[in-house]
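J.: The following block contains the structure, expressed as structure tokens.
The values are calculated or read from the model by the stated rules, or taken from the named source; none is laboratory data. Just so we're clear, the structure is a prediction, and the values are computed from it rather than from any experiment. Note: ideal-geometry Cβ built from the backbone for every residue, glycine included; neighbour counts use all protein chains shown. For the accessible areas, the whole protein counts, side chains as well, though only heavy atoms, and no ligand, DNA or RNA atoms are used. Shrake-Rupley method; radii C 1.70, N 1.55, O 1.52, S 1.80 Å.
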Amino acid sequence: MSHLPPGQRERADFPRFGLTQFARRFPAETARASLEVVGEVEHELRLSDALSGLPRVEQTSDFHCVTTWSRKGLVWGGVRFADFYESVVVPQARPKAHATLVALRAQDGARTGLLLADLLAPTVLLADTLDGEPLTVDHGAPLRLVAPAHYGYKSVKYLSRIELTREERGYRASGFSFMDHPRARVALEERGRGAPGWLLRYLYRPLITSTVARFAKATRERMR
Ligand SMILES: Nc1nc2c(c(=O)[nH]1)N[C@H]1C(S)=C(S)[C@@H](COP(=O)(O)O)O[C@H]1N2
Ligand SMILES: [Mo]
């Protein structure tokens, strides 16, 4: 028996999803998993193949969108963020000690952030496969973050840049700031800033159907 976190409902499919302003935005580069590491570091990095040479893992985890849909049992493949950080970022970029917050940026312009401590959890991956296949553009090719303990908006698709910064500087998020909780832990129902999580359930749930349709339509139009 596996329970869903508070306020979540299971979905059988795994829809392409996000803020509607991103429905028609797609990554320019879908083959090479390039990644920039910038900000409060001694040396900024421009990696052309972020996962190369790092130990690969497969992980099965549930995925929880803040709008209350959950998809169980996704099998992600890639590299643990912690391994990437310890084996590449620390020795090559040499982050400053006060850089404890990471602003995340995607090729489609999506932005959010997570505490470095949250990113270093063993369940956080830099993923390039899903269910044993290379990631599709729908699900974040060439490279996405997977942070299963946090709401889906922290699992940035088309990840292109990570910027290390000071916690007190904060980061700019994609939508309205109330929609982006700095930690967004699913178990604590940290859906957004300010408003209680249970209240946001009722605000977001009615938007799911039209959002799924809008993202699916954009995908179909891109294929034509
Ligand atoms: N770059 C980018 N990452 C994103 C989004 C997006 O629109 N653009 N949407 C987020 C949201 S709200 C969710 S629920 C998940 C959805 O992942 P999926 O489209 O692979 O199902 O991606 C997250 N990461
Ligand atoms: Mo989401």
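J.: Under a point spin-label approximation (7 Å from Cα along Cα-to-Cβ), what is the ARG25-LEU4 distance to one decimal in nm?
T.: So the two model labels end up 2.8 nm from each other.
J.: Give the aspartates and glutamates reachable from LYS96 as a straight Cα distance under 19 Å; neighbours fewer than 8 places away on the same chain don't count.
T.: Output for LYS96: GLU36, GLU40, GLU42, GLU44, ASP83, GLU86, ASP118, GLU163, GLU167, GLU168.
J.: Once you place label points 7 Å from the Cα toward the Cβ at ARG193 and GLU133, how far apart are they in nm?
T.: Each label point is offset 7 Å from its Cα along the Cβ direction, giving 3.9 nm.
J.: Let me ask something additional. At a Förster radius of 25 Å, what calculated FRET efficiency corresponds to the Cβ-Cβ distance of ASP13 and SER52, to the nearest 0.05?
T.: Working: r = 32 Å, r/R0 = 1.29.
Computed FRET efficiency for ASP13 and SER52: 0.20.
J.: Test of the criteria: in the range 149-194, which trypsin sites (Lys or Arg not before Pro) are in a DSSP loop and have at most 11 other Cβ atoms within 10 angstrom of their Cβ?
T.: Working: sites: LYS154, LYS157, ARG161, ARG166, ARG169, ARG172, ARG183, ARG185, ARG191, ARG193; in loops: LYS157, ARG166, ARG172, ARG183, ARG191, ARG193.
Those satisfying the criteria are ARG172.
J.: While we're on this one: If you build a Gaussian network model of the chain, linking Cα atoms that sit under 10 Å apart, which residue out of PRO91, PRO148, PRO134 swings the most?
T.: PRO91
J.: Could you tell me the ratio Rg/Rh of the chain? Both radii from Cα atoms, Rh via Kirkwood.
T.: On the way: Rg = 16.7 Å, Rh = 17.7 Å.
A ratio of 0.94.
J.: Rounded, prolate or oblate: which one fits the range 1-90, using the alpha carbon gyration tensor with axes a ≥ b ≥ c (rounded when a/c is under 1.5, else prolate when a/b beats b/c, else oblate)?
T.: Working: a/c = 2.23, a/b = 1.61, b/c = 1.38.
Judged from the Cα gyration tensor, the range 1-90 comes out prolate (a/c at least 1.5, a/b above b/c).
J.: Distance from a point 7 Å along Cα→Cβ of ALA82 to each backbone N in the range 144-164: keep the residues under 18 Å and list them by number.
T.: Only 145-150 fall inside the zone, counting backbone N under 18 Å.
J.: Hey, what's the range 114-205 come to in accessible area per residue, 1.4 Å probe, Å²?
T.: On the way: 3940 Å² over 92 residues.
Counting only protein heavy atoms, the per-residue value for the range 114-205 is 43 Å².
J.: Turning to a different aspect of this structure: Between the range 162-224 and the range 48-82, what is the separation of their alpha carbon centroids in Å?
T.: 18
J.: Further question on the same structure: Quick one: with all protein chains in place, what share of the accessible area of the chain is carbon or sulfur, to the nearest percent (1.4 Å probe)?
T.: Details: 5570 of 10730 Å².
The value for the chain is 52 percent carbon and sulfur by accessible area.
J.: Suppose every Lys and Arg Cβ carries +1 and every Asp and Glu Cβ carries -1, with no other charges. What dipole size does the range 55-130 come out with about its Cα centre, to the nearest 20 debye? Display every interim value, and only then the final one.
T.: Numbers: 8 positive and 7 negative charges, 35 e Å.
The calculation lands at about 180 debye.
J.: Next up: Within the chain, what's the longest run with no GluC sites (Glu not before Pro) in a DSSP loop and at most 15 other beta-carbon atoms within 10 Å? Give the range, please.
T.: Details: sites that count: GLU29, GLU42, GLU44.
Answer - 45-224.
J.: Express as a percent, rounded to the nearest 5, the fraction of DSSP beta bridges in the chain (both residues included) that run antiparallel. All intermediate terms of the calculation are to be shown ahead of the outcome.
T.: Working: 33 of 39 bridges.
If we restrict to bridges inside the chain, about 85 percent are antiparallel.
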